[in-house]
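Chemist: Here it is, the structure, as structure tokens.
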Amino acid sequence: MADQAFVTLATNDSYAKGAMVLGQSLRRHKTSKKLAALVGPQVSEPCRSVLRRIFDEVRLVDVLDSRDAAHLALMKRPELGVTFTKLHCWTLTHYSKCVFMDADTLVLSNIDELFDREELSAAPDPGWPDCFNSGVFVYRPSVETYDKLLQYGTEEGTFDGGDQGLLNGFFGDWATADISKHLPFIYNLSSIAIYTYLPAFKRYGSNAKVVHFLGKTKPWSHGLEAKTKAISGGAHPSFLLDWWGLYSTSVMPMLQEEYGDQPFHTECVEEAVEESLASVAAALHLSPPPQQHEHQQHQQHQQASSEERKQKWEQGQADYMGTDSFDNIKTKLDTFLK
Ligand code: UDP
Ligand code: GLC
Ligand code: MN
């Protein structure tokens, strides 16, 4: 339907990369809805061009900031005042219904059925399940609602300093009024929940439709330290690989085209992918995956022993284009999960 859309937000180039991967994940799972991205003025022109190639609409919005340092400090996320910018999504009134998704979410299967729900539908927040998490929600664009939200923010503020506190205040009867507005958790599987309730993840995790890389460390965070943290304290390695797989195959080539000679270093990104995979492997103490692609089998005799390859892998010298490719690592991780 042309008047329904998935909407996301990026106020800088880092979150823009998240938005690109999210957009590609929706396309990959053949959504029939429009895709819209709200961008702040800081997002660079090459990133906007890539977004325009993926999204039907890229709209420039002013950055709104809660300037609520005190509450944000409680969450240890001083940067989240700008999530107030999300409220602009209510102004997209050329759509009758939308699903907002944070730029740090990734779609794992078609989720168009969310449009059967009404405003405001969302999944519980893993930290306080009587609040909804505002990383994925169904809403109806309306200037009237937008104005009321801003007014509510001015009068009542936000208990977490970000949009989630404000939205939970405004849609304050969410927890009790109408169960059909409670989205199943699989539509917003916060990566931290995997660690706080591992048996449930083992039981239900394979049903996940949307993974949300909630928390300070995001899949696109560079630097080995950041990635190690992401693996130990944040996202599940398998989802992290899904993200990086999509980023390297269907976003990076476009970024390269748009950046041309400008300082967007492929090596840097490739290194980051390699480092990421190496730390995933090291964190899991994986031995190399058993499955190989046909074209690699004739090279079998030349290949190092399993132990040697494990060592190389842990030193970051893996055969990422061959035996240690995304597909093979993913297969291994899936086996591990089962
Ligand atoms: N966001 C943004 N720029 C920022 C911070 C946040 O564009 O500097 C947007 C982005 O869409 C992001 C959402 O606001 O996904 C919420 O922030 P984040 O996902 O970091 O919060 P978390 O889910 O980790 O609490
Ligand atoms: C959350 C949500 C995010 C929101 C932030 C600030 O944890 O995941 O979507 O922007 O809090 O309220
Ligand atoms: Mn988020």
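The values are calculated or read from the model by the stated rules, or taken from the named source; none is laboratory data. For clarity, every value in this text was computed on a predicted model and none was experimentally measured. With ideal geometry, Cβ positions are generated from the backbone for all residues, glycine too; neighbour counts draw on all protein chains shown.
Chemist: Is there any pair linking a residue in the range 25-42 that is in contact (Cβ under 8 Å) with a residue 12 or more places away in the chain to one that is surrounded by 22 or more Cβ atoms within 10 Å (Cβ to Cβ) and polar (S, T, N, Q), with Cβ under 7 Å and at least six apart or on different chains, and which?
Modeler: Ala37/Thr8; Gly40/Thr11; Gln42/Thr11
Chemist: Return the pair list, or none, for Cβ contacts closer than 7 Å from residues in the range 182-194 that are without any contact (Cβ under 8 Å) to a residue 60 or more places away in the chain to residues that are β-branched (Val, Ile, Thr), at least 6 apart or on different chains.
Modeler: These pairs meet every condition: Leu189/Val210; Leu189/Val211; Ser191/Val211.
Chemist: Can you find even one residue in the range 135-151 that is touching a residue at least 12 places away in the same chain (Cβ under 8 Å), assigned to a helix (DSSP H, G or I), in contact with a helix residue (DSSP H, G or I) (Cβ under 6 Å, 6 or more places away or on another chain) and of a type in the set (Ser, Thr, Tyr)?
Modeler: yes
Chemist: While we're here: Just name the residue that is farthest from ligand 3 (Cβ to nearest atom) out of those in the range 94-117 that are outside any loop (DSSP other than H, G, I, E, B) and closer than 14 Å to Ser134 by Cβ.
Modeler: Filtering first and then ranking leaves Cys98.
Chemist: When the residues of the range 145-196 are filtered to those that are of a type in the set (Ser, Thr, Tyr), more than 15 Å from ligand 1 (Cβ to nearest atom) and touching a Ser or Thr at 6+ places or on another chain (Cβ under 8 Å), which remaining residue is modelled with the lowest pLDDT?
Modeler: Among those residues, the one meeting the criterion is Tyr146.
Chemist: Looking only at residues that are among the small types (Gly, Ala, Ser) and part of a helix (DSSP H, G or I) in the range 152-175, which one is nearest to Ala70 (Cα to Cα)?
Modeler: Gly165
Chemist: What pairs come up if the first residue lies in the range 102-115 and is away from ligand 1 (no atom under 16 Å from the Cβ), the second is modelled with pLDDT under 95, and their beta carbons are under 9 Å apart, counting only those six or more places apart or on different chains?
Modeler: Hits for this filter: Leu108/Phe239; Leu108/Asp242; Phe115/Met1.
Chemist: Mind checking which residues of the range 91-140 are basic (Lys, Arg) and under 21 Å from Ala37 (Cβ atoms)?
Modeler: Lys97, Arg140
Chemist: Taking into account only those residues within the range 229-272 that are in a helix (DSSP H, G or I) and of a type in the set (D, E, K, R), which is modelled with the lowest pLDDT?
Modeler: Glu267
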